[in-house]
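Below is one structure, written out as C-alpha cells; the observations come after it.
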Amino acid sequence: MSQGDGAPRVHETTTATGQMAESLAAQYLQQQGYRIAQRNYRTSQGEVDLIAFDSEVLCFVEVRSRRDLDHGHPLETIDRKKRQCIVAAARQYITTLPHPWPPMRFDAVGVVLSDPPDVMLVRGAFEDE
C-alpha cells in the first residue's frame, strides 16, 4: 500500500477504534451512574482513559477494545506494564486534588465492537502495585 492510495493507515484506524470504544465506555458508565470527570488524562508516565466518580469513589478507568473475540477478550490485554502506567498517571492526577482525597479504585471496561457492541465493566479490576 502506498501512502497516496487513500487507504487509512493502521494507526489512524486504531485511534478511531479506540476513540469509539472510549465513547461507548463513557456512555455505558454514565448509564451505570458514573459521573465522568475527565477523558484521556496524559502524563509523561502514562495515561488514564477515563476518570469518573462512582458515587463518591474516584475511579481510574482503562478502556480496552477489540473488533471480535477471535484473539480473546479485550480485558485480557491489560498487562502488568499497562497497569503500572495507569497507576503512575493516577498518582500524578491525585496530586491535583485537594485533601482529603476520596476513596479510589481502578476499573476496566472491555468493549467488543460487534453489532451491537458488547460492553463489560469490571469494578476494582486491579490494585496499585
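Taken together, the values in this text are just the output of simple stated rules run on the coordinates, not laboratory data. Bear in mind the structure is a predicted one, so any value in this text is a computation, not a measurement. Counting neighbours? That spans all protein chains shown, and the Cβs are built from the backbone with ideal geometry, glycine included.
Here Rg and Dmax of the Cα atoms in Å was computed from the coordinates, and among [x] 14.2, 41; [y] 15.7, 55; [z] 14.9, 46 the match is [y]. Only Lys, Arg, Asp and Glu carry charge here, each on its Cβ (+1 for the first two, -1 for the last two); on that basis the chain has a dipole of about 340 debye about its Cα centre. What is the list of residues in region 75-118 whose amide nitrogen lies under 15 Å from a point 7 angstrom out from the Cα of Asp128, following Cα to Cβ? Once the point is set 7 Å along Cα→Cβ of Asp128, 84-107 turn out to lie under 15 Å by backbone N, inside region 75-118. With 0.36 nm allotted per residue and the present C-alpha distance subtracted, the Ser114-Ala16 stretch has 33.8 nm of extension available.
DSSP beta bridges fully contained in region 3-126 are about 65 percent antiparallel. Quick one: among Pro74, Pro117, Pro98, which has the greatest mean-square fluctuation in a GNM of the chain with alpha-carbon springs under 10 angstrom? Among Pro74, Pro117, Pro98, the largest GNM mean-square fluctuation belongs to Pro98. The slack between Phe53 and Thr95, meaning 0.36 nm per residue of separation minus the straight C-alpha distance, is 13.4 nm. The string of couplings for region 53-66 from the Karplus curve (6.51, -1.76, 1.60, θ = phi - 60°) is 9, 10, 6, 9, 8, 7, 10, 9, 10, 9, 10, 10, 9, 8 Hz, one whole number per residue in order, with x for Gly and Pro. Electrostatic tally near Asp49: other residues with Cβ closer than 14 Å to its Cβ, Lys and Arg +1, Asp and Glu -1, net +1.
Couplings 3J(HN,Hα) of region 110-117, computed from phi: x, 10, 9, 7, 8, 10, x, x Hz, in residue order, whole Hz [Karplus 6.51 cos²θ - 1.76 cosθ + 1.60, θ = phi - 60°; x for Gly and Pro]. The 3J(HN,Hα) values that the Karplus relation (6.51, -1.76, 1.60; θ = phi - 60°) gives for region 25-40 are, in residue order, 5, 4, 4, 4, 4, 4, 5, 8, x, 6, 10, 6, 9, 7, 10, 6 Hz. Gly and Pro appear as x. Within the listed set Leu97, Leu29, Leu113, the Gaussian network model of the chain (springs between alpha-carbon atoms below 10 Å) gives the highest mean-square fluctuation for Leu97. Each stretch of four or more DSSP H residues adds -39500 (n - 2.57); spread over every residue of the chain, this sum gives -10000 deg cm²/dmol at 222 nm.
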